[in-house]
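Data first, discussion second: the structure below is written as structure tokens.
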Amino acid sequence: MSPGVAEEALARTGRLVQPALFDAVARLEPEIREPVEHHLAGGGKGVRGALAVIGAAAAGGAERDGVPGAVAVELVHNYSLLHDDIIDNDEERRHRPSVWSVFGVPRAIVAGDALANLAVQVLVEESALARLRAVQLLGEATALMIGGQADDMAFERRFAVSVEECLKMEEGKTGALLSCASAIGAVLVGAGDDVVKALGLFGQRLGLAFQAVDDVLGIWGEPAKTGKPVGSDLLTHKKSLPVAIALARGGAALEAVLFGLDVGGVADATARIEATGAKEEAMAIADRAYDEALEALASVPLVQSARDDLVAIARFVTERDR
């Protein structure tokens, strides 16, 4: 599968999802809609929405059947981004001013809250049993995502976090919503539990692979591509996967370096982390999670063209700028 296949699938599904997403946002009060539209104008790949509509097709439905789920998942994802930027004090999102930096923290919080609420409204507009199942799935995923975010914040105050704790946090923070996105379209078309579970596992393992790659880029990526200053994750004491691996291998000496870190020490700290082999191990974890995602897809009968699109998107989001 070439990246071109994934990009075509993302563009095709975006033409389905984006108009419905903006139609939903148009219902918001003007005071809320303005910061939301500022945020959405920054674009984005629309991976979660694409997974939802392709998941519907993979389960034997039409892509359009997955649109309500796609919109709901995208709304929850964007609500989390609005709040994440406040938590992380990030003044930019996708190389543009973040919502809180333009409109202030209170409006950004309320805008995020409104998107979370709107996601549920989109799903409950019809009373079908499949819609109820979709709401339950989204609610469970959102709870796991919030729990993962809470753990991520708590880890910043700790000297060390085990690799197992870090992986559990990332499965919640990133994997849960990608799992929901991958399965919710199948739920909406009435697919059996085996298909829903397999697609959910695909998304969950893809989420872990995606986050592991993102963690590596957060330390070794180019700021022009990542949109983050060099060493920002290290300076805020984030216990990303490479850091957790390095701390497990480097012990107290590395803890002291990371917790006393200032801007001038970023290059040395980065080199020390890399010397433990943490970068390679994090990428190996990403590769294993990616393989597990594909195994999940292969475990149940799916429409082949949709399966191919899911594989292409999985490769696309895990091979970025390696």
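Each reported figure results from applying straightforward, stated rules to the coordinates on display, with no laboratory input. Computed from a predicted structure; not experimentally measured. Using ideal geometry, Cβ is built from the backbone for each residue, glycine included, and neighbour counts are taken over all protein chains shown.
Computed quantities for the displayed model
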{"item": "Diffusion constant of region 155-246 at 10 °C, which comes from Stokes-Einstein with the Kirkwood Cα-pair radius and 1.306 mPa s, µm²/s", "result": "110 µm²/s"}
{"item": "Sequence ranges 36-42, 245-251, 168-174, 25-31, ranked by mean other-Cβ count within 10 angstrom, highest first", "result": "168-174, 245-251, 36-42, 25-31"}
{"item": "Geometric extent, Cα atoms of region 93-146 - Rg, Dmax (angstrom)", "result": "14.6, 41"}
{"item": "Gap separating the Cα centres of region 14-60 and region 166-220, nearest whole Å", "result": "19 Å"}
{"item": "Estimated D of region 1-105 in µm² per second, where Rh is the Kirkwood radius over Cα pairs and Stokes-Einstein applies at 20 °C, 1.002 mPa s", "result": "147 µm²/s"}
{"item": "Computed over region 3-318: relative contact order in percent, which uses C-alpha pairs under 8 Å that are six or more apart", "result": "21 percent"}
{"item": "Residue of T270, T13, T142 that the Gaussian network model of the chain assigns the largest fluctuation, springs spanning Cα pairs under 10 Å", "result": "T270"}
{"item": "Cα pair distances exceeding 14 angstrom across region 202-272, given as percent", "result": "60 percent"}
{"item": "Relative contact order %, region 185-322, counting alpha carbon pairs below 8 Å whose residues are six or more apart", "result": "38 percent"}
{"item": "Principal axis dimensions, region 3-318 - Cα atoms, whole angstrom, descending", "result": "57, 47, 33"}
{"item": "Candidates G264, G147, G60: whichever shows maximal mean-square fluctuation once the chain is modelled as a Gaussian network with Cα springs under 10 Å", "result": "G264"}
{"item": "Kyte-Doolittle at least -1.0, axis length at least 20 Å by Cα - qualifying DSSP helices, the chain", "result": "3-25, 67-87, 105-123, 129-155, 193-220, 278-298, 304-318"}
{"item": "Pairs from K173/K197; K173/K279; K197/K279; K197/K238; K239/K279 whose Cα-Cα separation, in the structure shown, is over 23 Å", "result": "K197/K279; K197/K238"}
{"item": "For region 86-175: relative contact order, % (alpha-carbon pairs under 8 angstrom, 6 or more apart)", "result": "19 percent"}
{"item": "Highest-fluctuation residue, V122, V76, V17 considered, GNM on the chain with Cα pairs under 10 Å", "result": "V122"}
